[in-house]
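A.B. asks: One structure coming up, written as structure tokens, with questions to follow.
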Amino acid sequence: MRYLITGGAGFIGSHLADELLSRGHRVHVLDDLSTGSIANIAHLKPRPDFEYTIDSCESPSVVAELVDESDVIYHLAAAVGVELIVQSPVRTIETNVRCTEVVLDRANRKQKPVFIASTSEVYGKSPALPFQEEGDLVLGATSKGRWAYACSKAIDEFLAIAYWRERKLPTVVARLFNTVGPRQTGRYGMVIPNFVRQALAGQPITVYGDGAQQRCFCHVHDVVQALAGIMEHEEAYGEVFNIGAEEEISMLKLAERVRDRADSDSEIVLLPYDQAYGPGFEDMARRIPDLTKINAVLGWAPQRTLDEILDDVLDHQRAGAGA
Ligand code: UDP
């Protein structure tokens, strides 16, 4: 099969490219390198079954040509990272909505199945843990920039589901929970690459808020197994799936765990949200996926532990790959 991956030079996209190639498929990556990096796909360049195009997936002609040459499209291109969203809301909203419109429209003309990457952010402040795909989305006021990301992704989801229901375009949506591993950059605020970088440099590890907020972290190698598998299941068309891990940890505990595994003597400091993200920032206290649905279709559950994730990120940064 021939796969097109938009955002394929990004953290998750490049691991998905590795996975699909290892399964014997051909891969074409489309990426504008806005948050992705050519270093993420440098190892793939010599392969005859791999191609890439550096361009924007907002361009209908570029997308049309690549869709023509593909059997299935993975749409991962998006503006991601809470920091980027707070700092560049126009870019976030426009990129996330426009790219998905273009990809779905062009894929629909050729009836090529599309995978749409969404995010656990869409559950917002919902207290209904663990989050189920059919649960309500509870977002904050439009004056609070963070929620723009969730809203833009929710529109992407609505559009993908509408294409399936109204036009019979096969689409699958996955809500990715906190995904971590080698190649993830801390530049856009992601917590584990940040903590690891700080611990290795002996700098203070900055925990935002009171550090009691909890997250579940899933290894990117587990995540791409689910992504690669899900498009092979017709019963997944028109459906939304959670993908992530269920092991919760507080950010304070995470900072301690990173410091221990890095053998670092960094101090751990609390930084108020206002200082980290600017005034009026809202964080969510907890976020846990219900994995019943993905497990039923794919028999998938994450295999790697948090310690394995931390060790892989530590190795990656120690190898000089940076954060
Ligand atoms: N966070 C932190 N220190 C950092 C970066 C993030 O304490 O240097 C916190 C952040 O406020 C959030 C959690 O870590 O509560 C996870 O943040 P991330 O941006 O990785 O993902 P999110 O779950 O917010 O999408």
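A.B. asks: Given charges of +1 on the Cβ of Lys and Arg and -1 on the Cβ of Asp and Glu, with all other atoms neutral, how large is the dipole of the range 134-260 about its Cα centre, in debye to the nearest 20?
C.D. replies: I would put it at about 700 debye.
A.B. asks: Taking only protein heavy atoms into account and a 1.4 Å probe, give the accessible area per residue of the chain in Å².
C.D. replies: Using a 1.4 Å probe on heavy atoms only, each residue of the chain averages 42 Å².
A.B. asks: Between His25 and Ala296, what FRET efficiency follows from the Cβ-Cβ distance if R0 is 35 Å, with the result rounded to 0.05?
C.D. replies: So, using R0 = 35 Å, E works out to roughly 0.90.
A.B. asks: If you don't mind, another one. If I fit a long axis through the Cα atoms of helix 306-316 and take the longest principal axis of the Cα atoms of the chain, what angle between them do I get, 0 to 90°, rounded to 10?
C.D. replies: Taking Cα atoms only, the helix is inclined about 80 degrees.
A.B. asks: Sorting Glu94, Glu83 by accessible area (1.4 Å probe), largest first, what list results?
C.D. replies: The most accessible residue leads, giving Glu94, Glu83.
A.B. asks: Next question, about the same structure. Would you mind calculating the gained length between Asp260 and Arg165 on full extension (0.36 nm times residue separation, minus the Cα-Cα distance), in nm to one decimal?
C.D. replies: This chain segment gains 29.2 nm when fully extended.
A.B. asks: How big is the range 277-323 along each principal axis, measuring the range of its Cα positions in Å and listing the largest first?
C.D. replies: 39, 37, 15
A.B. asks: Checking the cross-link filter: which aspartates and glutamates have an alpha carbon closer than 12 Å to that of Lys110, excluding same-chain neighbours under 8 positions apart?
C.D. replies: Straight-line reach from Lys110, under 12 Å: Glu65, Asp68, Glu69, Asp71.
A.B. asks: So if the hydrodynamic radius of the chain is defined as the Kirkwood radius over C-alpha pairs, what does Stokes-Einstein give as its diffusion coefficient at 10 °C and 1.306 mPa s, in µm² per second?
C.D. replies: It comes out at roughly 80 µm²/s.
A.B. asks: Tally up the carbon and sulfur contribution to the accessible surface of the range 8-156 as a whole percent, 1.4 Å probe, everything protein left in place.
C.D. replies: Its accessible area is 52 percent carbon and sulfur atoms.
A.B. asks: How long, wide and thick is the range 99-204, going by the Cα atoms along their three principal axes, in whole angstroms, largest first?
C.D. replies: 55, 31, 27
A.B. asks: Still on this structure, I have one more. Where does helix 251-262 land angle-wise versus the long Cα axis of the chain, in degrees 0 to 90, nearest 10?
C.D. replies: So the helix axis and the longest Cα principal axis differ by about 90 degrees.
A.B. asks: In the structure displayed, which of Lys45/Lys168; Lys144/Lys293; Lys125/Lys253; Lys153/Lys253; Lys144/Lys168 lie more than 28 Å apart, Cα to Cα? Display every interim value, and only then the final one.
C.D. replies: On the way: Lys45/Lys168 35 Å; Lys144/Lys293 31 Å; Lys125/Lys253 22 Å; Lys153/Lys253 30 Å; Lys144/Lys168 36 Å.
In this structure, Lys45/Lys168; Lys144/Lys293; Lys153/Lys253; Lys144/Lys168 exceed 28 Å between Cα atoms.
A.B. asks: If you don't mind, there's one more thing I want to ask. For every other residue with a beta carbon closer than 13 angstrom to the beta carbon of Ser22, add +1 if it is Lys or Arg and -1 if Asp or Glu, then tell me the sum. Intermediate results must be reported in sequence, preceding the final value.
C.D. replies: On the way: positive: Arg23, Arg26, Arg47; negative: Asp18, Glu19, Asp49.
Cβ neighbours under 13 Å give a net charge of 0.
A.B. asks: Let me know the Kirkwood hydrodynamic radius for the range 179-309, please, with Cα pairs as the basis and the value in Å to one decimal.
C.D. replies: Here the Kirkwood hydrodynamic radius works out to 16.2 Å.
A.B. asks: Moving on to the next point. Would you mind telling me the antiparallel percentage of the DSSP bridges in the chain, rounded to 5?
C.D. replies: Roughly 10 percent of the beta bridges in the chain run antiparallel, per DSSP.
A.B. asks: Which order do the peptides 44-52, 301-309 come out in when sorted by mean C-beta neighbours inside 10 angstrom, highest first? Spell out each step's value before the answer.
C.D. replies: On the way: 44-52: 13.6, 301-309: 16.6.
Descending mean neighbour count gives 301-309, 44-52.
A.B. asks: For a quick size check, give me the Cα extents of the range 30-101 along its three principal axes, largest first, whole Å.
C.D. replies: Result for the range 30-101: principal-axis Cα extents of 40, 26, 16 Å.
A.B. asks: Tyr208: accessible area at probe 1.4 Å, nearest 10 Å²?
C.D. replies: Number for this one is 40 Å².
A.B. asks: As I understand it, the value is the acute angle between the Cα axis of helix 220-230 and the longest principal axis of the Cα atoms of the chain; what does it come to in degrees, rounded to 10?
C.D. replies: Helix 220-230 sits at roughly 20 degrees to that axis.
A.B. asks: Of Leu129, Leu84, Leu291, which has the largest mean-square fluctuation in a 10 Å C-alpha GNM of the chain?
C.D. replies: Fluctuation is largest for Leu129.
A.B. asks: Here's a follow-up. So what is the relative contact order of the chain, in percent, for Cα pairs below 8 Å that sit 6 or more residues apart?
C.D. replies: Normalised by residue count, the contact order of the chain is 17 percent.
The values are calculated or read from the model by the stated rules, or taken from the named source; none is laboratory data. Here the structure is a predicted model, which is why all the values come from computation and not from measurement. Note that each Cβ is placed from the backbone with ideal geometry, even for glycine, and that neighbours are counted across all protein chains shown. Note: accessible area is taken over every heavy atom of the protein model, side chains too, but ligands, DNA and RNA are not part of it. Shrake-Rupley method; radii C 1.70, N 1.55, O 1.52, S 1.80 Å.
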